Amino acid sequence: MTKYGHLCRSSAMQRDITRDQIYGIIEGHLIPHISQQVFSKSPFDILLHKQYEHLSKLTLKEIGVKPCYIDPSVCPYKEAIVKLKKLEIAKLPTQKMRFLILAAQAIMNKMASLDQASVTSA
């Protein structure tokens with residue numbers, strides 16, 4: 001152990017760790033603390049963040065749109081949009097990347113299902 005309480009690593013172990021892994025570890029420790037400091041300093045930011053979280057979960061039916069005006073075919077990529085909205089809430093770049101990948105997967109799945117539906121109807 002070093003005088004700071006960290007374990008010493010052999011040079012062989014240090015070579016096994018990639019730069020991306022090091023960045024991931026640093027992001028995992030620093031970014032939540034930085035984000036917490038930013039949001040804890042301004043009460044307006046906290047209020048805005050809470051309002052965003054509350055409003056992002058509402059559906060058209062919950063805000064008073066009549067069911068006859070709600071057409072799922074108008075917005076076939078709703079699932080992907082919901083996943084993209086989570087980018088605003090994510091703090092870590094790795095979390096944001098995960099939500100982007102999930103949104104892309106949702107888009108590809110929906111495109112495949114729409115293609116199958118058009119083939120079967122033809």
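No lab work stands behind these numbers, since they all come straight from the coordinates. Remember, predicted model here, so these are calculated numbers, not experimental data. When we count neighbours, we look across all protein chains shown, and the Cβ atoms used for this are built from the backbone with ideal geometry, even at glycine.
In nm, what is the difference between 0.36 nm times the number of residues separating Glu62 and Ala90 and their Cα-Cα distance?
Computed gain between Glu62 and Ala90 is 7.6 nm.
What shape does region 50-113 have by the C-alpha gyration tensor, where a ≥ b ≥ c are the square roots of the eigenvalues, rounded means a/c under 1.5, and otherwise prolate means a/b greater than b/c and oblate the rest?
oblate
Fewest Cβ neighbours within 10 Å first, please rank Glu88, Glu79 accordingly.
Result, fewest neighbours first: Glu88, Glu79.
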